[in-house]
Amino acid sequence: MARHCGAMATRIQARLNTVCSSRWLQDWHLSLGLSGARLTHAGAAERLQREYDAVVIGAGFKFSRASYLLSLLRPQIYAELELQRHGLRVLPRDPYSFTPLLEDRSPPRSLLLGHNMAQNQQQIAQFSQKDAQAYPEYEAFMGGMVSALDPLLDSPPVDTAALGKGSLLQQLRNLRALWPLLQAAGHQQPAQVQQCSSHTTSPPPGLALGQQLPRYYEVLTAPISKILDQWFESEPLKATLATDAVIGAMTSPHTPGSGYVLLHHVMGELEGRRGAWGYVAGGMGALSQAIAHAATARGAHIFAEKAVCHVLLGRDGRAQGVALQDGTEVRSKLVLSNASPQITFLELIPQKQLPKDFVQRIRQVDTRSPVTKINVAVDRLPSFLAAPNARDGQPLPHHQCSIHLNCENTHLLHQAFTEATHGHPSNRPMIELCIPSALDPGLAPQGCHVVSLFTQYTPSVLADGQSWDEQARNAYADRVFDCIEDYAPGFKASVIGRDILTPPDLERIFGLPGGNIFHGGMSLDQLYFARPAPSYSGYRSPIPGLYLCGSGAHPGGGVMGAAGRNAAQVALKDFRSL
């Protein structure tokens, strides 16, 4: 069957090499990020970013072109929208992380992590017995912090200006907004570590920081390298954990505040298991479809492939709907925008309608992106020197993981970051390689596979005025493939075609400012009260009736849904008072 896949190459090579051309895309558009339809359910206000949620390239290869993993989607959204009933099926991964090493020894070592703590300790002990003993306590510590911060994700940031306003009754009601913060500042019970079973048990949600507050504050503000140095001595373990602190961010493990990005990426869960990640069966577009079905079942109307021209404003300055580029006007009492703050306020609203200081704040949001996504069709599974394939060519446990390459030590990650800050794509980029077809074989023809490469660091703007032209894009992709070849000889020969998305491509195709997958950096100065701008962190905007409900709002990016759900609740509250 591998020969059969190879035979396809000559027929579809040209098509794959031009996969960015929209005429080759089979997509599942839901909306353009602006809800002009009636708001019928809190969850129905959530709109996915305007993008191709999945793309079919060649003969039967199906990719999740941009986002590719699920974990952060809030449990309440699963339940409220009954997503499983509407067709959503998730394929959890266990093990979930594989870090092969390039070593002058035979065979080279690798680090495989999953949900079995005893097995994790055995893996870590290859590099350090001390680290193997410390790992359960580290997991419990981080789990306690995630549990403490968890309530903050599902409510708007506290409106401090409103706390002392209105009648006494209104002030008492406003105080309820402090409850999530109070939960996060309460007393912490000792974390229990369950070493005899398959995973670490974190403290129950709602238990809070308490006496651990100084240590947790350090995690939020310090470089993640400093935190990991306090716990561990082995570089492969530290570098593997550090990837979650820099993924999608133009930061180094040595950047202060990088610890929060790590926490953001371990806040999710799948099927009740904290921190688990999985693939959406059929590709990420299946999640879009499930949300669409849930919305339409409750009376929502979805306008697919309809570009929004601008937000309609009444004489009183209130949002009254949206105008489409084909001239259609969709009238509504409320408008919720899942587009980025930059598109929403700098392109869809007349600047004269917005406060000058607000516009300045939106323009100053840090949107630097380090990400280039490469989707690859291959005719066989990669075979890693540290874990060679079986003779039958069937997927092994590590093939379902996030496979971390060029992650032997945190110095490599910092060096790659430094090169990008000077305008040069990294010579040894950080690579997160995923093979979703290892768990979801329907994504590729028999014997073939789809490979997702989430790589960094690549600057949005190249040095010396160079552009991300076809030559630059292919040169970087070739460099990435050379790196993979070092770990898995034969990879380059297995490639049938590839789809390269640099930061400018991510901005052009998906409306991501600067190519930033979070609509703006997740640094501490751009979170909570300051996301997207001070005094406008509660989803309302300077335009009455217009709400921001995407990744540029609290609590930030990822396939999370929290901003959409929170914004919908705020909008519904306002709607009832009209």
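The values are calculated or read from the model by the stated rules, or taken from the named source; none is laboratory data. Just so it is clear, the structure is predicted and the values come from calculations on it, not from any experiment. Note: ideal-geometry Cβ built from the backbone for every residue, glycine included; neighbour counts use all protein chains shown. What goes into the accessible areas is simple: the full protein's heavy atoms, side chains included, and nothing from ligands, DNA or RNA. Shrake-Rupley method; radii C 1.70, N 1.55, O 1.52, S 1.80 Å.
General observations
- Taking first residues from the stretch 487-505 that are free of Cβ contacts under 8 Å to residues at least 40 places away in the same chain and partners that are of a type in the set (Asp, Glu) and surrounded by fewer than 17 Cβ atoms within 10 Å (Cβ to Cβ), the Cβ contacts under 6 Å between residues at least 6 apart in sequence or on separate chains come to 492/485.
- Test: residue in the stretch 484-498 that is touching a Ser or Thr at 6+ places or on another chain (Cβ under 6 Å) and aromatic (Phe, Trp, Tyr): no
- One residue from 477, 472 being of a type in the set (Gly, Ala, Ser) and closer than 21 Å to residue 404 by Cα: 477
- Subset tally (residues that are in a loop (DSSP other than H, G, I, E, B) and open to solvent by less than 30 Å² (accessible area, probe 1.4 Å)) for the stretch 87-108: 5
- Qualifying residue in the stretch 274-286 (condition: open to solvent by 10 Å² or more (accessible area, probe 1.4 Å) and either more than 30 Å from residue 397 (Cβ to Cβ) or assigned to a helix (DSSP H, G or I) (or both)): yes
- Count of residues meeting criterion [open to solvent by 70 Å² or more (accessible area, probe 1.4 Å), assigned to a loop (DSSP other than H, G, I, E, B) and either without any contact (Cβ under 8 Å) to a residue 24 or more places away in the chain or under 27 Å from residue 516 (Cα atoms) (or both)] in the stretch 317-345: 2
- Look at the stretch 364-376: where a residue is farther than 15 Å from residue 420 by Cβ and a partner is of a type in the set (D, E, K, R), sitting 6+ places away or on another chain with Cβ atoms under 6 Å, you get 374/498; 375/499; 376/498.
- When residue 451 is tested against the conditions (1) in contact with an Asp or Glu (Cβ under 9 Å, 6 or more places away or on another chain); (2) surrounded by 16 or more Cβ atoms within 10 Å (Cβ to Cβ), the lone failure is (1).
- Among the candidates 509, 517, residue that is among the β-branched types (Val, Ile, Thr), in contact with a Ser or Thr (Cβ under 8 Å, 6 or more places away or on another chain) and open to solvent by 10 Å² or more (accessible area, probe 1.4 Å): 517
- For residue 230, the criteria (1) part of a helix (DSSP H, G or I); (2) open to solvent by less than 10 Å² (accessible area, probe 1.4 Å); (3) not basic (Lys, Arg) hold in every case but one, which is (2).
- Residue check, residue 58 farther than 26 Å from residue 150 by Cβ and at pLDDT below 80: yes
- Restricted to the stretch 427-482, and to residues there that are hydroxyl-bearing (Ser, Thr, Tyr) and out of contact with any strand residue (DSSP E or B) (no Cβ under 9 Å at 6 or more places or on another chain), the residue that is farthest from residue 520 (Cα to Cα) is 467.
- The single condition among (1) at pLDDT below 95; (2) open to solvent by 40 Å² or more (accessible area, probe 1.4 Å); (3) not in a helix (DSSP H, G or I) that residue 537 does not meet is (2).
- Within the stretch 273-320, being over 28 Å from the mean Cα position of the chain (by Cα) and either aliphatic (A, V, I, L, M) or on the phi > 0 side of the Ramachandran plot (or both) holds for 299, 312, 313, 317, 319.
- Qualifying positions in the stretch 404-435 - surrounded by fewer than 24 Cβ atoms within 10 Å (Cβ to Cβ), farther than 22 Å from residue 500 by Cα and among the β-branched types (Val, Ile, Thr): 418
- Residue check, residue 499 among the acidic types (Asp, Glu), more than 20 Å from residue 77 (Cβ to Cβ) and open to solvent by 20 Å² or more (accessible area, probe 1.4 Å): no
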